[in-house]
Every structure is written in C-alpha cells, then in structure tokens.
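Engineer: Quick one: the structure is below, and I'll ask about it shortly.
Each value in this text was obtained by applying a stated rule to the coordinates, not by laboratory testing. Computed from a prediction, not measured in an experiment: that's the story for all the values here. Neighbour counts are summed over all protein chains in view; Cβ atoms, including those assigned to glycine, are modelled from backbone coordinates with ideal geometry.
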Ligand SMILES: [Zn+2]
C-alpha cells in the first residue's frame with residue numbers, strides 16, 4: 001500500500017471523530033477488517049490516520065475489538081507513531097477524574113484475546129519490559145504541562161477483560177498493588193504495537209474511581225453513564241492534548257528504541 005500516514009490515533013469510548021475535511025479509507029488486513037474505516041487528514045504538515053477502536057457506533061466491546069487488524073492496518077498505512085487516548089479508572093486517591101496519566105507499564109488481566117502476530121510457524125518472543133515509547137511519553141507530558149492540564153508522568157495500567165467493571169475486592173487488590181490506572185483496551189493494543197516496532201503512547205483520561213475507594217463511602221462505584229459524562233466534559237481537553245503532542249512529534253525521527261524488535 002502507498003505510504004499514507006505518519007501518526008496514528010486510536011479514539012476510545014465517546015471519541016469517534018478527530019479531524020475535519022478528511023479522506024475515508026477502508027482497509028483489509030490478513031487479520032481481518034479493522035474496527036471501522038480510517039479517516040486520514042493533515043495537521044501541521046503531518047499526516048494523521050484516525051481509527052475509533054470500538055467502531056463509530058461503538059459496536060465492538062473491549063474484548064471483541066479486532067486489535068491485530070487495527071494495528072496491522074496502521075502499519076500498512078506507514079504509521080510510525082501511535083497516540084492512544086483511553087477513558088480509564090483511577091486506583092489511587094491522588095489521581096482524580098479529569099486528570100491525565102501517561103502510563104509506562106501495564107499488567108495484563110485479560111484472557112482469550114488474539115494478542116500476537118506470531119502464531120507460527122515463525123516464533124518470536126518480543127520484549128514487553130518497556131511497552132510504551134519513552135520519547136512519545138515525554139512529548140505527551142511536555143504537551144500536557146504546556147496546556148496546564150493535570151498530567152501524571154507515569155503509571156501502571158491494569159487491563160481487565162470487561163465488559164463488566166471490577167468487584168470491590170478486585171479493585172482493592174489492584175490499588176494495594178500500587179497500580180494507578182485501570183481500563184479494558186490497553187492489552188493487547190500497546191503490546192501489538194511493540195511487535196510491529198511502532199512507537200506507542202497511551203494518554204489515559206481518568207473518568208472514575210473504579211469500584212470506589214477504600215474508606216470513602218462518598219465515592220460510588222463506576223457506572224457507564226458516569227464514564228461517558230466525565231469523558232464528554234473532557235473530550236475537548238483530550239483533543240487539545242493530542243494536537244499539542246502531534247505538533248511536537250517529528251515523524252522523520254526513527255531512531256527510537258521501539259524500532260528495535
Ligand atoms: Zn518509540
């Protein structure tokens with residue numbers, strides 16, 4: 001395929017369009033069809049490919065997203081760097097709804113998802129020690145600070161299978177482990193980018209406190225309505241932050257450690 005984009009953006013729940021005056025493109029891959037058509041547009045001279053990971057009608061719940069097709073299609077488009085906003089829960093009191101976390105680690109609690117491009121005969125064991133791009137993360141932190149957003153420079157996201165939310169016991173366990181963020185889509189999305197040698201950064205918008213907080217009866221367990229309400233209140237901040245990061249990304253810079261897989 002002709003090289004069409006430099007930077008990829010995955011939209012999360014409540015985030016189905018990004019740029020105006022766009023070209024739409026349907027892509028097929030050896031791993032099936034991606035969640036939706038891609039939209040392509042140019043911003044500050046950089047070519048952006050946008051895909052809502054749940055589909056534009058939110059027809060793919062987290063455990064049914066065609067992650068391999070989504071990532072492979074980004075690769076086919078020529079994308080070298082991916083920015084991945086997600087709506088996420090907080091597991092720690094100091095990380096509040098409306099804050100952003102630029103995660104540096106994940107813990108995988110999902111099951112049954114197709115999570116590798118190497119099903120054989122070729123076998124490859126890819127390092128996941130540092131699953132997120134250090135350079136893109138640094139740009140995201142700098143961009144968030146520049147906009148005056150509350151941005152946490154690192155964090156561990158525990159990825160649950162969904163579609164259900166956590167029990168109180170599970171949430172207490174995750175909090176006590178010291179993990180900061182919880183969501184349902186970072187695995188295998190972040191890891192598949194590693195297998196393809198694409199730089200990837202998660203921009204987690206905090207929408208809730210998961211199943212509540214220990215000793216805080218005034219903070220109720222998360223509901224889907226609440227997630228969407230907080231997300232909609234903050235969607236403009238998500239977009240501002242993405243634009244601010246994209247301004248800083250140099251698509252010609254390909255010497256990142258992420259390329260060495
Ligand atoms: Zn990188």
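Engineer: Roughly what % antiparallel, to the nearest 5, for the DSSP beta bridges in the stretch 7-251?
Structural biologist: 35
Engineer: For the stretch 126-222, what is the relative contact order in percent, using Cα pairs closer than 8 Å and at least 6 residues apart in sequence?
Structural biologist: 33
Engineer: For a quick check, take a GNM of the chain with Cα springs below 10 Å and name the residue from 104, 208, 250 with the largest mean-square fluctuation.
Structural biologist: Ranking 104, 208, 250 by mean-square fluctuation puts 250 first.
Engineer: Based on other C-beta atoms within 10 Å, arrange 194, 164, 47 from fewest to most.
Structural biologist: 164, 47, 194
Engineer: How far, in nm, would the chain grow between residue 224 and residue 24 when pulled straight, counting 0.36 nm per residue and subtracting the alpha carbon separation?
Structural biologist: Gain on extension, residue 224 to residue 24, equals 69.0 nm.
Engineer: Could you give the angle, 0 to 90 degrees to the nearest 10, between helix 134-146's Cα long axis and the longest principal axis of the Cα atoms of the chain?
Structural biologist: Its long axis makes an angle of about 60 degrees.
Engineer: Arrange the following residues from fewest to most other Cβ atoms within 10 Å of their Cβ: 1, 74, 184, 64.
Structural biologist: The order, fewest Cβ neighbours first, is 1, 64, 184, 74.
Engineer: So, in Å, what gap is there between the alpha-carbon centers of the stretch 35-95 and the stretch 196-261?
Structural biologist: Between the Cα centres of the stretch 35-95 and the stretch 196-261 lies a distance of 11 Å.
Engineer: In a GNM of the chain with a 10 Å cut-off on Cα contacts, which of 70, 21, 232 has the highest mean-square fluctuation?
Structural biologist: 21
Engineer: Report the per residue volume, in Å³, of the convex hull enclosing the C-alpha atoms of the stretch 116-209.
Structural biologist: Roughly 120 Å³ of hull volume per residue.
Engineer: Just to confirm the number: angle between the C-alpha axis of helix 67-77 and the first principal axis of the chain, 0 to 90 degrees, nearest 10?
Structural biologist: So the helix axis and the longest Cα principal axis differ by about 40 degrees.
Engineer: Mind giving me the FRET efficiency for residue 164 and residue 119? R0 is 30 Å, r the Cβ-Cβ distance, nearest 0.05 is fine.
Structural biologist: So the FRET efficiency works out to roughly 0.60.
Engineer: On to the next question. List the residues of the stretch 49-70 whose backbone N lies under 16 Å from a point placed 7 Å from the Cα of residue 235 along the Cα-to-Cβ direction.
Structural biologist: What the label zone holds, given the 16 Å backbone N cut-off, is 51-59.
Engineer: Extension gain residue 255-residue 142, at 0.36 nm per residue separation less the Cα-Cα distance, in nm?
Structural biologist: 38.7 nm
Engineer: Under the rule of -39500 (n - 2.57) per DSSP H run of 4 or more residues, summed and divided by the residues of the chain, what mean residue ellipticity at 222 nm is obtained, to the nearest 500 deg cm²/dmol?
Structural biologist: Calculated from helices alone, the mean residue ellipticity at 222 nm is -8500 deg cm²/dmol.
Engineer: Rank 204, 143, 169 by mean-square fluctuation in a GNM of the chain with C-alpha springs under 10 angstrom and give only the top-ranked residue.
Structural biologist: It is 169.
Engineer: Let me ask you something else. Between residue 176 and residue 59, what is the label-point separation in nm under the 7 Å Cα-to-beta-carbon projection?
Structural biologist: Computed distance between label sites residue 59 and residue 176 equals 4.3 nm.
Engineer: Something else about it: Just to be sure I understand: if I project the alpha-carbon convex hull of the chain onto a plane and average over all orientations, what area do I get in nm²?
Structural biologist: 13.4
Engineer: In whole percent, what relative contact order does the stretch 7-251 give with Cα contacts below 8 Å and a gap of six or more residues?
Structural biologist: Relative CO of the stretch 7-251 lands at 26 percent.
Engineer: Separate question: Compute the angle between helix 224-248 and the longest alpha-carbon principal axis of the chain, please, reported from 0 to 90 degrees and rounded to the nearest 10.
Structural biologist: 40
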